[in-house]
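Q: Below is the structure I would like to discuss, written out as structure tokens.
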Amino acid sequence: MTVGLRVRRWAPERGAGAGCAGGASLPAWAGPRRWSWLREPAVSSRRPRRQYYGCGLVIPEHLENCWILDLGSGGGRDCYVLSQLVGEKGHVTGIDMTKGQVEVAEKYLDYHMEKYGFQASNVTFIHGYIEKLGEAGIKNESYDIVVSNCVINLVPDKQQVLQEAYRVLKHGGELYFSDVYTSLELPEEIRTHKVLWGECLGGALYWKELAILAQKIGFCPPRLVTANLITIQNKELERVIGDCRFVSATFRLFKCSKTGPTKRCQVIYNGGITGHEKELTFDANFTFKEGEIVEVDEETAAILKNSRFAQDFLIRPIGEKLPISGGCSALELKDIITDPFKLAEESDSMKSRCVPDAAGGCCGTKKSC
């Protein structure tokens, strides 16, 4: 992601954006659905695209029949994408502080209802503040998932935003969100810089602070999903930020019961989640293949056991015999990556060592870099 002094902060379907706009493309597992999204007016028409300010991709797995709340829904793009994935029995609510954005999003309610073949619309848009969800009429424990795409950094009281998300989530629910983070606590000069604030940098949270806030509120420790470094290609802005670095990252925060596995466990993914039938990339640290034993830490085991993923895994304490199919082997527990800058740097390093072959693959036929 690259930031200049004056940029248009909207994300095309492919390629890198700038400022708040990341270059995340829609997930490959969506298959033909992806193209139907891009042809829809609220998803791909000129005006809503220019009103799309995301810095990542907020489409988690296992969404069928879920109730989802989008914090800072803007023109409704993410909401309409999610509405197809949750299905007619699910529901998506978008809340935005800008009345004009809500009005734009509401124009396409009937279109998407008809496009998806639903008897009634499963999307609602609300005018309100994401740190004051109660005032907008959103009740306690009413949603399975809360998503947010590069919005929380624009709210001064980030703890209140996370606290409200925690309040409206059902037990076992999660906050799945993309945002911008810093490598150190920002000085006053950066926090009050109008251009950097407008580019979603001045209000960015120091990445270590997220874990502190999560613990204080009651969330499980943050799960890092993806991360990409943000480059500043403007001399004036480079002078202002000095040694501070920025990264766009996606995290997932689960609201889980404190009762659960207290020791490391072995888990087997049963497979079958739509789009992830054979392999589920849960976060940057754990990828589960169908039928394969994976050793996980107690926090991961507790999340899998107490979330919407509970029926998709067989979880047992280490040492207890687990049924496995032929050819599967146990994986040893590895160090957990929590630093988004480390993940982004490792990803960039991997990409630099990967040279596409004639078929478009990476590092030849063995795919080893």
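The values are calculated or read from the model by the stated rules, or taken from the named source; none is laboratory data. The structure displayed is predicted, hence computed values, not measured ones. Heads up, the Cβs are rebuilt from the backbone with ideal geometry, glycines too, and the neighbour counts pull from every protein chain shown. Accessible surface is based on the protein model in full, side chains and every heavy atom, while ligands, DNA and RNA are left aside. Shrake-Rupley method; radii C 1.70, N 1.55, O 1.52, S 1.80 Å.
Q: What is the list of residues in region 73-91 whose amide nitrogen lies under 14 Å from a point 7 angstrom out from the Cα of Glu114, following Cα to Cβ?
A: Correct set: none at all.
Q: Taking the Cα centre of region 180-304 as origin and charging only Cβ (+1 Lys, Arg; -1 Asp, Glu), how large is the dipole, in debye to the nearest 20? Write out the running numbers ahead of the final one.
A: Working: 15 positive and 17 negative charges, 58 e Å.
Here the size comes out at about 280 debye.
Q: Between the alpha-carbon centers of region 186-209 and region 245-295, tell me the distance in whole angstrom.
A: 32 Å
Q: Setting aside same-chain residues fewer than 8 positions from Lys194, which lysines have a Cα under 18 Å from its Cα?
A: Lys235
Q: Right, here's the next one. Tally up the carbon and sulfur contribution to the accessible surface of region 225-264 as a whole percent, 1.4 Å probe, everything protein left in place. If you can, show how the numbers build up before the last one.
A: On the way: 990 of 2110 Å².
Carbon-and-sulfur percentage of accessible area, whole number: 47.
Q: Still on this model: Any lysines with Cα under 24 Å of the Lys342 Cα? List them, leaving off those in the same chain fewer than 8 positions away.
A: Lys158, Lys208, Lys334, Lys351, Lys367
Q: Follow-up question, since we're still on this one. Considering only protein heavy atoms, with the full assembly of protein chains and a 1.4 angstrom probe, order Met350, Met113 by accessible area, largest first.
A: Values: Met350 85, Met113 40 Å².
In descending accessible area the options line up as Met350, Met113.
Q: If one computes the Cα centroid of region 334-349 and of region 106-164, what distance in Å separates the two points?
A: About 31 Å separates the Cα centre of region 334-349 from the one of region 106-164.
Q: Related question: Treat every Asp and Glu Cβ in region 100-198 as -1 and every Lys and Arg Cβ as +1, leave all other atoms uncharged, and give the resulting dipole magnitude about the Cα centre to the nearest 20 debye. Walk me through the intermediate numbers first.
A: Working: 9 positive and 15 negative charges, 18 e Å.
So the dipole magnitude of region 100-198 works out to roughly 80 debye.
Q: Name the aspartates and glutamates eligible as straight-distance cross-link partners of Lys278: C-alpha to C-alpha under 19 Å, and not fewer than 8 places from it in the same chain.
A: Qualifying aspartates and glutamates at Cα under 19 Å: Glu61, Glu64, Glu290, Glu292, Glu295, Asp312.
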